[in-house]
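To start, the structure under review is shown below, and the notes come after it.
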Amino acid sequence: MKTIQLLYRGFCPLLALFVAQTVFGEPAQLSLKDAVARAQQQDPWIQGSLYRQQALEAQSTSASALPDPMVTAGFANLPTNTFNFDQEPMTQFRVGVSQALPRGDSRALQQQKLSLMGDQHPYQRADRRAQVEAEVSGLWLDAWLASQTMQLIEQDTDLFIQLVDIAESSYVNSIKGARQQDLVHAQLELTRLEDRLVSLREQQDVAVSQLSEWLQSSDGSDFGSVNYTLPQELPQVTPMAPQLFEAEQAPTPQSLAMILREHPALKSVDQRLAASSTSIKLAQQNYRPEWRLNASYGYRDDDPVGQPRADFFSFGVSFDLPLFTSNRQDQQVISATANTESLRTDRALLLRKMVSQMTTLHARLQRLNERQALYQTRLLLDMSAQVDATMDAYTNDDGDFTEVVRARIDELNTQIDALNIAVNRQKTIAQLNYFFASSNYLEGQ
């Protein structure tokens, strides 16, 4: 029931998006939450992981079975001078069967190894979902930032067109203080704004293209047909560990390592480690003999004078002797042990990398918080006041037109910087959330 509810919650926004596109014929508004849900549901990697797990489960079941018995049939001791079946008493038709018994507990260990390898895939899918959430969130926010920055510049473009008209009118009418260089300067800034718009359109196209890649259906049936618009309001990404995000002091590596113990990426490596440890036990089974049971029945024809001959029945057992182990069995155990230790070092490196990334993101978030507070409480207000002051001075013939233009550009840049800080803060939270992915990203949770 819990899995059905999850699928329902994830499917509803996608259904609404589809209905808006098909019924109303208009681009649907794609929220950040809907984009993440759609990307996670339509990720082909998830389906591939399910198939890989099914393959390992089937191999695990197969590994527990005994090898197929071997059946032999043929003629024995057939005389070469006449090839008559009843000429010699030892001539017989033999049918035999043999059954191999694998070494020691190798069947059970092989089944255990494959089962452990299959168990890593749910954790890999959970890690993949967390990665997709962070990646798609970043792309969505990049596209939103480019769109909103373009709107800010377009608003100021209209203002600069008015400033160009004012400068041109003042220059043409020879108003006191009007200079040709004021007109040129205003036109130059207007051209620069147009150039910034072109650059931002390129950034938006790239972000939208990369985002659309994640929104295609897994079978590619709607390739290139994704059409949507983004909302005007910046969504707030909810931090999974607000007490950590809000703390000014950076958490210790030990505390971060404790948090990461249940992360799907590390749990996946733990499963591989368990499977690799089983490989050591499996290699040690090669020191034990492999047994083979065999039985055969030999049919003999009557002798040339019609006297019956008794048929033969044979049975026995055979096994190999692993006496020379230095170049085979010993090396197989050494190889399996080295592979296990290699995985252990991979896990340590992954944990170290994740701790370092969390520390870096935490520091970045703290600086972004400080900058956001500075912009909201001081810089934006100061820039607005500066624009008003320069405009008042120019209106009263006590200021320079260049100062008015420069103040407008500074205010625009400050607004764009504040927007960048707000978006980068949300992207950083989304990236930090990846490291808190745990059992809630597993299927059915």
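Taken together, the values in this text are just the output of simple stated rules run on the coordinates, not laboratory data. It should be emphasised that the depicted structure is a prediction, and the values quoted were computed from it without experimental measurement. Ideal geometry is used to build each Cβ from the backbone, glycine not excepted, and the neighbour counts take in all protein chains shown.
Return the calculated 222 nm mean residue ellipticity for the chain, to the nearest 500 deg cm²/dmol, obtained by summing -39500 (n - 2.57) across DSSP H runs with n ≥ 4 and dividing by the residue count. Spell out each step's value before the answer.
Numbers: 11 runs with 283 residues, N = 445.
Here the helix-only value at 222 nm equals -22500 deg cm²/dmol.
Contour minus end-to-end for F93 and T345, with contour as 0.36 nm per residue of separation and end-to-end as the Cα-Cα distance? List each step's numbers first, then the result.
Values: separation 252, 0.36 × 252 = 90.72 nm, distance 6.07 nm.
Using 0.36 nm per residue and subtracting the Cα-Cα distance, I get 84.6 nm.
Placing +1 at every Lys and Arg Cβ and -1 at every Asp and Glu Cβ, with all other atoms neutral, what dipole size does the chain have around its Cα centre, in debye to the nearest 20?
Numbers: 38 positive and 53 negative charges, 479 e Å.
It works out to roughly 2300 debye.
For L374 and A310 in the same chain, what is the full-extension length gain: residue separation times 0.36 nm, less their Cα-Cα distance, in nm?
Working: separation 64, 0.36 × 64 = 23.04 nm, distance 10.62 nm.
Taking 0.36 nm per residue and subtracting the Cα distance, the gain is 12.4 nm.
The angle between the Cα long axis of helix 44-63 and the main principal axis of the chain comes to about 20°, on a 0 to 90 degree scale. Between A76 and A108, the FRET efficiency estimated from the beta carbon spacing at R0 = 45 angstrom works out to 0.75. In this label model, L66 and T229 are separated by 7.2 nm, measuring between points 7 Å along each Cα→Cβ vector.
Computed from Cα atoms, the angle from the helix 401-434 axis to the main principal axis of the chain rounds to 20 degrees.
If you plug the beta carbon distance of D400 and A363 into 1/(1 + (r/R0)^6) with R0 = 25 Å, you get a FRET efficiency near 0.05. Site pair D392 and F324 shows an inter-label distance of 10.1 nm when each label is modelled 7 Å from Cα along Cα→Cβ. What is the diffusion coefficient of region 206-320 in µm²/s, taking the Kirkwood radius over Cα pairs and the Stokes-Einstein relation at 10 °C with a viscosity of 1.306 mPa s? For the chosen part, D equals 66 µm²/s. Between the listed residues S62, A100, A257, the Cα displaced farthest toward the positive end of the dipole of the chain, a dipole computed from Cβ unit charges relative to the Cα centre, is found at A100. Here's the picture: charge each Lys and Arg Cβ at +1 and each Asp and Glu Cβ at -1 in the chain, and of Q155, A389, L350 the one pushed furthest to the positive end of that dipole is L350. Each listed q (0.06 Å⁻¹) maps to a log10 I(q)/I(0) for the chain, found by the Debye formula over equal Cα scatterers with no solvent: -0.52. Axis of helix 32-41 versus longest Cα principal axis of the chain: the two differ by about 20°, to the nearest ten degrees. Available extension along the chain between L159 and Q54 is 31.5 nm, counting 0.36 nm per residue and deducting the alpha carbon span. Straight-distance candidates among the aspartates and glutamates for linking to K33, with alpha-carbon spacing under 12 Å and chain neighbours fewer than 8 residues away dropped: E133. Taking label positions 7 Å along the Cα-Cβ direction at both A257 and S356, the computed distance is 1.5 nm, reported to one decimal.
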